[in-house]
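The values are calculated or read from the model by the stated rules, or taken from the named source; none is laboratory data. What you are looking at is a predicted structure, and each value in this text was computed from that prediction instead of being measured. Please note: Cβ atoms are built from the backbone with ideal geometry, for glycine as well, and neighbour counts cover all protein chains shown.
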Amino acid sequence: MRTRILFLLTAFSVSITTAAQKINDRFRLNIQKTNSPMIIDGNVSEDAWASAETARDFFMVLPMDTSFARVKTEVKMTYDEDNLYLVAICYHAVPGPYVVESLRRDFNFGKNDNFLFFFDPFEDRTNGFSFGANAAGAQWDGIIYEGGKMDLSWDNKWTSVVKNFDDRWVFEAAVPFKTIRFKKGMTNWGLNFSRNDLKTTEKSSWAPVPRQFPTVSLAYTGNLVWDQPPPPTGANISVIPYVLGGLSRDHDKNTKTDYRKEIGADLKIGITSALNLDLTVNPDFSQVEVDKQVTNLDRFELFFPERRQFFLENADIFGNFGYTNVRPFFSRRIGLNVPIQFGARLSGKLNKDWRIGIMDMQTKAVGEMDLPVQNFAVMSLQRKVFSRSSVGFLFINKQSINYQPDKDPLTPEHSQYNRNIGIEYNLASPGNFWTGKALLLKSFSPHTSGRTVTHAANLNYTDRKWLLGWQHEYVGRDYVAEVGYVPRTGYIKVNPQLGYLFFAKTGKILSHGPVAQSTYYLNETFKKTDYETYLAYKFNFRNQATLNGLVARNYVKLLRPFDPTNSGLDSLQTGTEHNWNNFSLEYISSPRNLFTYSAYLRYGGYFAEGTRLQVTNELGYRFQPYVGITMSTSYNDLRLPMPWGKRTYWLIGPRIDVTFTNKLYFTAFGQYNEQTKNINLNTRLQWRYKPASDFFIVYTDNYFPEYMSVKNRALVVKFTYWFTM
C-alpha cells in the first residue's frame, strides 16, 4: 500500500509540472477537400466517400477496455468550402432491432444505440464540440467543457440523415464551419468517435479510452489531419427573431385574462472563427420546459439547471466557476421572473491558451415589487497552463440603477449592489487520472466588511479500480453571491471519499465494490454542526443494470428554525441536535428492454427522533421510436412527534412523449405534488421546420387538488427563425 501511495504521489507531481505528449497521438485520420457536391441522404454514393480515408478497428471501452470491439464501425470524413462532412457505417454484430428511446434530439446516451463524434479544434484537450445521432435518426449536439463534460442544451445549425439496412445503419452529417468555433490556420484537430450498441452492451471508440472515463474525454482524442487549413468562415452573422402571442389568467386571484403580444431577437456575430458576440433585445424564454417538481424536505434552496439558449454557448466559462454549492455566478438569477430589456455576451477563444467571457444584462423595473432597473455585468478570463489545466479569473457586478431604499417597512428592500471577485486553478492531468480545483472568492456589499471570503479545493484520483477524493470548503458568514448559488454560508466542510471496484471474469455481474464517504460541516469556530457518513456497495451488471445499497449515519445541529415537513407547521428550534441512521437500496433495470424501471427505497431515522420512509420508482415503456410512456412516483412517510404527527407526501408524474419525426415532438405530462397541494398539467408541441428554427405551442394548467378547481392557466404560441448571413 505504501508503494502504491508513493507511486500515486509521484505520478501526481509529474502530471502537474509537465505537458506530456498526447496519449493517442498515433491515431490519425487524414481529411481531404472535395470539389464535388455532397448530398446528405445516407446512401454514401458520392465520389468523395470512395476516396476518403477510413477509420476502423474500434476499441472496446465497456464492458472492458482490453480488446477490440465486437461491433464493426467504419467512419470517413471530408469537407468543402462550407461544411465538414462525416459518414459512419455502423454494422450489427447480432441480429435484432436497434434500441432507442425516441426520435427526440439530445437523447440519453446510455439508453440508445448511437454514434457520436467529438472534435477539439484547438487541440487544448479541454474544450470542443460533439455531434451524432441514434439509430433512428434523432440528433445529438453539444459543447464539451472541462475536458470531458457535455452540455447538451447548446443547439445550432447542422443536418444529418440516418438510413437503416438489414446488417447496418448509416449516419451521414454535414456541419457548417459557421456553426463551430475553431482556430484559423490549424491543420490538426483532436478527434474521436464513439459507438454505443445496447444489443451487445458494448461501448467502443476509435482512439482507445479507459473504461472509467466517458468516451467524450478529450485527453484521449486521436488526430484529424487536414490537407490544408480549414476554409475561413467569412462573415458569420445570424439573426434569430421571434414572434410570440399568448394569453394567461390567474383564476385564484380572479384577474382578467392577460394577453401577450411580443417580438424580440437574438443576434450572433462571429468576431473571429473562435470568438462570438451574442446580443439580445426583449428576449423571451417560453420554450423553456416546466421544472420537474420534487418533494422538498431539504433545509436549503434547491438547484434547477439553466436551459435558456442565450446563456448556453461557452456557459462553462461563467457558470462552472466554483463548486456545486459554491457558485458565484448562476445565470438563472437573471430574468426568469423579471423581464430582460437587453443583453450582450462576448465569449470564446482568443488563442490556443486564452478564453474570455464578458456578459452584460439589464432587467426592467417592476413597480408592484418596488424593484428597480438592475444591471448584471460579468467578466471571466481563463488561461491554459501545463498540458490540460487552467487558471481562471471572475468578476461579477450586480447594480441597482438610481436606487435608494426607502424607509417604508411594507416596501420590499433590494440591494444597491453586490460584487464578487475570484480566482481558481483547475487541475486536469494528461491522462485525466488526477483532477481537482482550488478556489478563492470575495464578495462586496453595502454595510458588509466582515467574513466575506470563500475558499474551496478538491483533489481526485480515478483509475479502473480506485476512486480517491478529498474536498474542503470554507464559506464566510458574510459572503453574499446574489447572482450565484450558495445555499448556506458560515461553514467549513470536509469531504473525503474512497472507492474500489472488483471485476468478475464471468457471470452476470461485471463489477462490484464499496464506496465510503464522509461529509462534515463545522462552524467558523470549528464546532461540528452536520455530518453524514455512509458506506455503499455497488453492483454493475453486464446488461448495464445497476444495484446499489447504502447505510448512513447523520447528525444535524440546526443553525436556524426548521420545519421538518416544509408544510408551514411549527419549527424545530435553533441549536437543537438530531441523530439518526438510515439505509437505502436502488435498482435500475437494463436500458435495452422496452419495459424499463427503477426503484429506490430509503428507511431510517429523521429529525426529532422521528422516522422517514421514502419509496421512489419510475416505470417506462416505449413503442420505439415514436412513443414513450413513463410514470414516476415518490412517496414519503414521516412519523414525528406532535405538532407534526404522521405526514405523507405523494408526488406523481405521468408523462407521454410522442416523436412523430426527428423534427416534430409532442410532450404531455402531469405533476401531482401533495406537499405543495398543486396539480400541474403541461403540453408542448415543437416543430423544428428548419435547422435551429422552431414553432412552439405550450399550454399549462395548475389546479387545486381538492376540487380540481383551476389556479391559473396559460397558452403561448411562439415562432422563431434562424437567418444566417
Q: Kindly provide the set of residues from the range 550-566 that are out of contact with any helix residue (DSSP H, G or I) (no Cβ under 8 Å at 6 or more places or on another chain), surrounded by 14 or more Cβ atoms within 10 Å (Cβ to Cβ) and over 16 Å from Arg602 (Cβ atoms), ordered by number.
A: Tyr555, Lys557, Leu558, Leu559, Asp563, Thr565, Asn566
Q: For the range 505-520, enumerate the residues that are surrounded by 13 or more Cβ atoms within 10 Å (Cβ to Cβ), out of contact with any Gly (no Cβ under 8 Å at 6 or more places or on another chain) and either closer than 23 Å to Thr201 by Cβ or modelled with pLDDT under 95 (or both).
A: Ile509, Leu510, Ser511, His512
Q. Which of the residues belonging to the range 414-434 are in contact (Cβ under 8 Å) with a residue 40 or more places away in the chain and either out of contact with any strand residue (DSSP E or B) (no Cβ under 8 Å at 6 or more places or on another chain) or polar (S, T, N, Q) (or both)?
A. Ser415, Asn418, Asn420, Asn426, Ser429, Pro430, Gly431, Asn432
Q: Tell me, please, whether a residue that is surrounded by 15 or more Cβ atoms within 10 Å (Cβ to Cβ), more than 30 Å from Thr221 (Cβ to Cβ), touching a strand residue (DSSP E or B) at 6+ places or on another chain (Cβ under 7 Å) and without any contact (Cβ under 8 Å) to a residue 60 or more places away in the chain can be found in the range 455-471.
A: yes
Q: Kindly indicate whether any position in the range 146-155 is under 27 Å from Glu46 (Cβ atoms) and either surrounded by 21 or more Cβ atoms within 10 Å (Cβ to Cβ) or within 15 Å of the chain's Cα centre (by Cα) (or both).
A: no
Q.
Out of the strands (runs of 3 or more DSSP E) lying entirely within the range 177-232, which hold 1 or more residues that are farther than 15 Å from Asn30 by Cβ?
A. 188-197, 202-205
Q. Just to be sure, is Met642 within 27 Å of Asn543 (Cβ to Cβ) and surrounded by fewer than 17 Cβ atoms within 10 Å (Cβ to Cβ)?
A. no
Q. Filter the range 233-271 for residues that are buried (at least 17 other Cβ atoms within 10 Å of the Cβ) and not in a strand (DSSP E or B); which is modelled with the lowest pLDDT?
A. Thr233
Q. Is it the case that the range 544-555 has a residue that's part of a loop (DSSP other than H, G, I, E, B), at pLDDT 95 or above and closer than 30 Å to Lys505 by Cα?
A. yes
Q: Determine whether the range 615-624 contains at least one residue that is surrounded by 16 or more Cβ atoms within 10 Å (Cβ to Cβ) and either of a type in the set (Phe, Trp, Tyr) or touching a Lys or Arg at 6+ places or on another chain (Cβ under 6 Å) (or both).
A: no
Q.
over 30 Å from Lys711 (Cα atoms) and free of Cβ contacts under 8 Å to residues at least 60 places away in the same chain: which single residue out of Tyr635, Tyr672, Tyr587 fits that description?
A. Tyr587
Q) Is the range 531-549 home to any residue that is surrounded by fewer than 18 Cβ atoms within 10 Å (Cβ to Cβ), in contact with a Gly (Cβ under 7 Å, 6 or more places away or on another chain), of a type in the set (Phe, Trp, Tyr) and farther than 25 Å from Asp637 by Cβ? A) yes
Q.
Can you say whether Gly343 is small (Gly, Ala, Ser), without any contact (Cβ under 8 Å) to a residue 24 or more places away in the chain and either closer than 17 Å to Asp278 by Cβ or crowded, with 19+ Cβ neighbours inside 10 Å (or both), as far as the supplied structure shows?
A. no
Q. Within the range 384-392, is even one residue more than 24 Å from the chain's Cα centre (by Cα) and among the small types (Gly, Ala, Ser)?
A. yes
**Q.** Sole residue being of a type in the set (Val, Ile, Thr) and surrounded by 22 or more Cβ atoms within 10 Å (Cβ to Cβ), chosen from Thr215, Thr159, Thr179, Thr187
**A.** Thr215
Q: Within the range 443-463, track down each residue that is in a strand (DSSP E or B), in contact with a Ser or Thr (Cβ under 7 Å, 6 or more places away or on another chain) and of a type in the set (Ser, Thr, Tyr).
A: Ser443, Ser445
Q) Which one of these does Thr280 not meet: (1) surrounded by 22 or more Cβ atoms within 10 Å (Cβ to Cβ); (2) touching a Pro at 6+ places or on another chain (Cβ under 9 Å); (3) under 30 Å from Glu81 (Cα atoms)? A) (2)
Q: Tell me which residues, restricted to the range 467-485, are β-branched (Val, Ile, Thr) and either assigned to a strand (DSSP E or B) or under 13 Å from Ala456 (Cα atoms) (or both).
A: Val475
(Q) If I go through the range 47-85 residue by residue, how many of them are of a type in the set (D, E, K, R) and over 24 Å from Trp158 (Cα atoms)? (A) 5
Q. Could you list, in sequence order, the residues of the range 596-614 that are more than 29 Å from Thr659 (Cα to Cα), of a type in the set (S, T, N, Q) and surrounded by fewer than 17 Cβ atoms within 10 Å (Cβ to Cβ)?
A. Thr611
Q) Only one of (1) of a type in the set (Ser, Thr, Tyr); (2) in contact (Cβ under 8 Å) with a residue 60 or more places away in the chain; (3) surrounded by fewer than 15 Cβ atoms within 10 Å (Cβ to Cβ) fails for Thr700. Which number is that? A) (3)
Q. Among the residues of the range 136-169, which ones are closer than 28 Å to Val239 by Cβ, among the charged types (D, E, K, R) and touching a Pro at 6+ places or on another chain (Cβ under 9 Å)?
A. Lys157
